[in-house]
Amino acid sequence: MPLSMTDIPEALDQNLRVRQLKRTVQEAPPAICTERAHIWTRYHRDPANRYKPVAIQMAEALREVLLQKSIRIYPDELIVGNFSSKRVGGSLYPELHGIPMLEDLFKFSRRPTNPLQITRKEQWALLKTIPFWVRRFLAYRSYSSAYKRWRFILHQLQGHFYLINESGGISHLAPDYEMLLRLGTDTLVDRITARQDRVEEDAEPYIFYAAVKIIAEGLALFGERYAQLAEQMAAREKNADRKAELDGIAFACRQVPRKPARTFQEALQSVLFAQIALNLESLDNSICPGRMDQYLYPYYVRDIESGVLTPQQAWELVAAFSIKMSEIIPVFSARLTRFHGGMFNGQVVTVGGLTSDGHDAINDLSMIFLDVMNTLRMRQPNYHARIHRDAPPEYLDRIRDILADGSNSPALYNDDVIVETMSRQGYTLEDARNYTAVGCVEPVSQGKSFASTDAALVNVPILLELALNQGRRFGSQWRSGAPTPPIAQMACMADVTAAFETQLRQQLARLVEDLHAIETANRRYHPTPLTSMLLEGCLASGVCSTAGGARYNFSGIQCVGPADTGDALYAIERAVFTDGRITLAELVSQLKQNLPDDTLYADLRRLEKFGNDAPHTDRWTRYVVETFDRALKRHRNTRGGAYVTGLYSVTAHQAFGRSTGALPHGRRRGEAFASGIAPGNGLDRKGPTALLNSVNRLDFSRTANGINFNIKFDQHTLRGDTGRRALQSLIKTYFRRGGMQMQVNVLDPELLIRARNNPGAYPHLLVRVSGYSAYFNDLTPAMQAEIIQRRQLGVRDR
């Protein structure tokens, strides 16, 4: 039975150490760290390194970063390790995204959204460093043809039809931290050496093993640097209590990650060192600790039973670790900020769920993590909770209370649906049960998947625009899509859907061509030996994760705007072919002019929309998802895995909306699409039960890359026992009827408006965006407006 939270004093949320650490991190201005860019470039500029195998280059360059980057132990810390030279900062990866970043180099600190501190000296130093990569960064090297290369780069800078995130690296993964804690790097090196001795010298597996051994030793030395620093600080420390803490930190860092973790503190410390190193290996912010309540639990139990740890101390250590997760930020250009509004975070920590053999996995540590996430309410980690049909009432009640109180975390995942979906996708039942989400909402098997779950996002509504204009965008003479018949030849819905499907197949074929180029470039020019060390399959096969060495190798492609597309198709069917109130030619003429006829606009807006429990309407959104998935299944990635469908949008639903013309369901040019699989803002009018019924008409066995379903409640409706019970009933009913995922935003709409108008008064107001949480002030103005406009629901049907 899980630990009752009454066993942990209520005063813990006033813990002085935790409160101070949280305040310091939240008040630190986000900044750019240039250390990695300079160290990485110095290594690659050295003629002695230029002709080494690429895997060796990657391992040695990362080792140099770990050994040369500045390290610090901040006051009050128990878990140590800094992601960057800034208290809150992000690194630059010139070999991946450095060149596009030059566009914003002298704007970062002055831009209105997500300003990042960088000194003038650092700016000028980068001007001497990053140009080395002008013809060496990944997107440039992905195509040998100059035409295809620049077509791809310019296409991605515009991002009208799709955005390929993999051009900045892959890194959406949940490493095998259980193995690292159990073995340590020395034992891993011994095992790798034994494998290396059985392969031919200078063969690819031999070189791969050599690279992994280099970075395994680099990771161990990274931990020992902190041990030495802690010893030096302890020798100077006057306060006896802090001196003892520093001695304990030094003791832990001498042990891990080189040796197996022996205690709960050492286990957390080892995870953090690996987390930092993996984030420095490849551009991303979605290295996910995953199921921490599972692989840390043996250390917790051992320490509790031996008397060296109390639940209160475990809470403090988990909180200290969690706060460290908020010290890393992404560095995006203004262009990328359009697609990733806010300080995107994807370092997922998942609690609860099932064990690999199908038993309830919820334990004392699950409850501690729930309390920490509720107490801290910080930008990271991205907390998720797995729910299954036999989950203990104490666990479900705690989640309900946390959400009703406005924490907006954790996001909720239905084991009964997700495990089955993953099994159909090719996971073994045991591996499917051991899933964690990564990034936003994407389920993968912990320590076994190199799934590139955020490979690309596709603007689906714009494909209907192309279908209605012979492959051209409205107002353009340039054909962006496939040549399809003019609307004069479309006599029924089958003609419309045939044109739409033609556009969809062509755009996905173009996307896959570009993805194959990027996947190949990652394998050739940016292998990831540290990542490979921590994924099952790579060491056994002697193959890097970027080349398909992991056990599972899917790639996730996001279908953005399915509800908008479905509603638009229903509007054509109803207004044109059923009611005959307007011809298709007249409708398209109106769309090209941005729906100037207000009477028509109002009529189209009044048509039923997805989210109102109308089967004849909902079937069109289901059609869009199934058609997308069928077209995607025609392709496979270069690592030997399938491309799988996801229904989340990050903030691309807002960015893609700006690029797309008017749509037949009464959406005017430039307006945001619906987020994830939610209905359009304000278009679900019949209450939460109707909304959930519509969502559950989708076939989630087709969405193995996960869904993002935002549901927002006015916090006044959830006050008291009645509101909380109603919320829990909605969640239970939705999951029992086949819902896959849900994330609950409980906010006061007036508070959001005040925060927008007076941001200084609400610096750390946390909101759920699209699979992740962000501070409201970090969002773009357009994204803030979209959050405010999202439909609010009471707990009773209207």
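Name the single residue that is nearest to residue 777 (Cα to Cα) among those in the stretch 90-126 being in contact (Cβ under 8 Å) with a residue 24 or more places away in the chain, open to solvent by 20 Å² or more (accessible area, probe 1.4 Å) and not in a loop (DSSP other than H, G, I, E, B).
Looking at the filtered set, the residue picked out is 117.
Pairs, please: C-beta under 7 Å, at least 6 apart or cross-chain, first residue assigned to a helix (DSSP H, G or I) and in the stretch 486-498, second open to solvent by 40 Å² or more (accessible area, probe 1.4 Å) and aromatic (Phe, Trp, Tyr)?
The qualifying pairs are 493/577.
Which pairs do you get when a residue that is within 13 Å of residue 667 (Cα to Cα) and aliphatic (A, V, I, L, M), found in the stretch 550-569, comes within reach of a residue that is assigned to a strand (DSSP E or B) and open to solvent by less than 10 Å² (accessible area, probe 1.4 Å), reach meaning Cβ atoms under 8 angstrom, with the pair 6+ apart or on two chains?
Note: pairs meeting the criteria are 568/663; 568/667.
Might you check whether a residue that is open to solvent by 10 Å² or more (accessible area, probe 1.4 Å), more than 24 Å from residue 71 (Cα to Cα) and without any contact (Cβ under 8 Å) to a residue 40 or more places away in the chain occurs anywhere in the stretch 281-297?
No, the conditions are met nowhere in the stretch 281-297.
Quick one: count up the residues across the stretch 271-306 that are in a helix (DSSP H, G or I), in contact with a Leu (Cβ under 9 Å, 6 or more places away or on another chain) and of a type in the set (Ser, Thr, Tyr).
Summing the residues that are in a helix (DSSP H, G or I), in contact with a Leu (Cβ under 9 Å, 6 or more places away or on another chain) and of a type in the set (Ser, Thr, Tyr) in the stretch 271-306 gives 4.
So, of the residues in the stretch 149-163 that are out of contact with any Leu (no Cβ under 6 Å at 6 or more places or on another chain) and among the aromatic types (Phe, Trp, Tyr), which turns out to be least open to solvent (accessible area, probe 1.4 Å)?
This residue is 152.
Which of (1) more than 22 Å from residue 570 (Cα to Cα); (2) touching a residue at least 40 places away in the same chain (Cβ under 8 Å); (3) touching a Lys or Arg at 6+ places or on another chain (Cβ under 9 Å) is the odd one out, the single condition residue 505 does not satisfy?
Here residue 505 clears every test but (1).
Residue-wise test of (1) in contact with a Phe, Trp or Tyr (Cβ under 9 Å, 6 or more places away or on another chain); (2) not β-branched (Val, Ile, Thr).
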residue: 383; (1), (2): yes, yes
residue: 386; (1), (2): yes, yes
residue: 391; (1), (2): no, yes
residue: 394; (1), (2): no, yes
residue: 401; (1), (2): no, yes
residue: 409; (1), (2): yes, yes
residue: 416; (1), (2): yes, yes
residue: 419; (1), (2): yes, no
residue: 428; (1), (2): no, no
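Sort through 346, 290 and tell me the only one that's closer than 21 Å to residue 767 by Cα and either under 15 Å from the mean Cα position of the chain (by Cα) or at pLDDT below 95 (or both). Walk me through it before giving the result.
Values: 290 fails: closer than 21 Å to residue 767 by Cα.
Result: 346 is the single residue among 346, 290 that is closer than 21 Å to residue 767 by Cα and either under 15 Å from the mean Cα position of the chain (by Cα) or at pLDDT below 95 (or both).
Between 246, 309, 317, 268, which is closer than 19 Å to residue 18 by Cβ and not in a helix (DSSP H, G or I)?
Going through 246, 309, 317, 268 in turn, the sole match is 309.
Hey, could you check the stretch 50-72 for residues that are assigned to a loop (DSSP other than H, G, I, E, B) and more than 28 Å from the chain's Cα centre (by Cα) and say which is surrounded by the fewest Cβ atoms within 10 Å (Cβ to Cβ)? I'd like the intermediate steps shown before the answer.
Pass one, the stretch 50-72, residues assigned to a loop (DSSP other than H, G, I, E, B): 50-53, 69-72.
Those still in the list that are more than 28 Å from the chain's Cα centre (by Cα) too: 50-53.
Details: 50: 9, 51: 7, 52: 14, 53: 16.
Applying the filter and picking the extreme gives 51.
Filter the stretch 357-371 for residues that are open to solvent by 10 Å² or more (accessible area, probe 1.4 Å) and out of contact with any Lys or Arg (no Cβ under 7 Å at 6 or more places or on another chain); which is nearest to residue 320 (Cα to Cα)?
Only one residue fits best here, namely 371.
I'd like to know if the stretch 129-151 contains one or more residues that are touching a residue at least 12 places away in the same chain (Cβ under 8 Å), over 24 Å from residue 457 (Cβ atoms) and of a type in the set (A, V, I, L, M).
Checked the stretch 129-151: at least one residue is touching a residue at least 12 places away in the same chain (Cβ under 8 Å), over 24 Å from residue 457 (Cβ atoms) and of a type in the set (A, V, I, L, M).
Determine which member of the set 662, 672 is more than 22 Å from the chain's Cα centre (by Cα), among the small types (Gly, Ala, Ser), buried (at least 23 other Cβ atoms within 10 Å of the Cβ) and within 24 Å of residue 468 (Cα to Cα). Don't jump to the end; show me each part of the working.
On the way: 672 fails: more than 22 Å from the chain's Cα centre (by Cα).
Exactly one of 662, 672 is more than 22 Å from the chain's Cα centre (by Cα), among the small types (Gly, Ala, Ser), buried (at least 23 other Cβ atoms within 10 Å of the Cβ) and within 24 Å of residue 468 (Cα to Cα), namely 662.
Of all residues in the stretch 196-205, which are within 30 Å of residue 455 (Cβ to Cβ) and not in a loop (DSSP other than H, G, I, E, B)?
204, 205
Go through the stretch 230-275 and count every residue that is among the β-branched types (Val, Ile, Thr) and surrounded by fewer than 16 Cβ atoms within 10 Å (Cβ to Cβ). Step through it out loud before you land on a result.
As a first pass, look at the stretch 230-275 and keep what is among the β-branched types (Val, Ile, Thr): 249, 256, 263, 271.
Adding the requirement that they be surrounded by fewer than 16 Cβ atoms within 10 Å (Cβ to Cβ) leaves none.
The total comes to 0.
Name the residues in the stretch 152-176 that are among the β-branched types (Val, Ile, Thr) and in contact (Cβ under 8 Å) with a residue 40 or more places away in the chain, would you?
Correct list: 164, 170.
Please indicate, with yes or no, whether at least one residue in the stretch 364-384 is closer than 30 Å to residue 567 by Cβ, in a strand (DSSP E or B) and touching a residue at least 40 places away in the same chain (Cβ under 8 Å).
Yes; the residues of the stretch 364-384 include at least one that is closer than 30 Å to residue 567 by Cβ, in a strand (DSSP E or B) and touching a residue at least 40 places away in the same chain (Cβ under 8 Å).
Which ones in the stretch 458-494 are under 31 Å from the mean Cα position of the chain (by Cα) and at pLDDT 95 or above?
Here is the first cut: in the stretch 458-494, the ones under 31 Å from the mean Cα position of the chain (by Cα) are 458-466, 473, 480-481.
Within the stretch 458-494, 458, 459, 460, 461, 462, 463, 464, 465, 466, 473, 481 meet the criteria.
Of all the residues that make up the stretch 641-671, how many are closer than 25 Å to residue 587 by Cβ and part of a helix (DSSP H, G or I)?
5
Looking at (1) touching a Gly at 6+ places or on another chain (Cβ under 9 Å); (2) under 19 Å from residue 703 (Cβ atoms); (3) open to solvent by 40 Å² or more (accessible area, probe 1.4 Å), find the lone condition where residue 350 falls short.
So residue 350 meets the others, but not (3).
Could you please let me know if residue 713 is within 20 Å of residue 681 (Cβ to Cβ), among the aromatic types (Phe, Trp, Tyr) and buried (at least 23 other Cβ atoms within 10 Å of the Cβ)? Outline the logic, then answer.
Values: within 20 Å of residue 681 (Cβ to Cβ): yes; among the aromatic types (Phe, Trp, Tyr): yes; buried (at least 23 other Cβ atoms within 10 Å of the Cβ): yes.
Here the answer is yes, as residue 713 does meet what is asked.
Return only the number of the condition from (1) of a type outside the set (A, V, I, L, M, F, W, C); (2) under 30 Å from residue 443 (Cα atoms); (3) modelled with pLDDT of 90 or more that residue 155 does not satisfy.
(3)
Hey, can you tell me all the residues within the stretch 169-186 that are open to solvent by less than 10 Å² (accessible area, probe 1.4 Å) and assigned to a helix (DSSP H, G or I)?
177, 180, 181, 184, 185
Restricting the first residue to the stretch 403-420 and requiring it to be under 14 Å from residue 441 (Cα atoms) and of a type in the set (Phe, Trp, Tyr), which pairs with a second residue that is at pLDDT 95 or above and assigned to a loop (DSSP other than H, G, I, E, B) meet a Cβ separation below 8 Å and a spacing of at least six or different chains?
Within 8 Å, the pairs are 413/353; 413/740.
Which of the residues spanning the stretch 175-191 are over 12 Å from residue 274 (Cβ atoms) and either at pLDDT below 95 or not β-branched (Val, Ile, Thr) (or both)?
182, 183, 186, 190, 191, listed by residue number.
With respect to the numbered conditions (1) in a loop (DSSP other than H, G, I, E, B); (2) out of contact with any Asp or Glu (no Cβ under 7 Å at 6 or more places or on another chain); (3) polar (S, T, N, Q), which one is the sole condition not fulfilled by residue 638?
(2)
Taking only the stretch 688-710 into account, find how many residues are open to solvent by less than 30 Å² (accessible area, probe 1.4 Å) and more than 20 Å from the chain's Cα centre (by Cα).
Adding up the residues that qualify gives 7.
The values are calculated or read from the model by the stated rules, or taken from the named source; none is laboratory data. Note that the structure is predicted; figures quoted are calculated from it, not measured. In this analysis, Cβ positions are derived from the backbone assuming ideal geometry, glycine residues included, and neighbour counts consider all displayed protein chains. Surface accessibility is based on the protein's heavy atoms, side chains included, excluding ligands, DNA and RNA. Shrake-Rupley method; radii C 1.70, N 1.55, O 1.52, S 1.80 Å.
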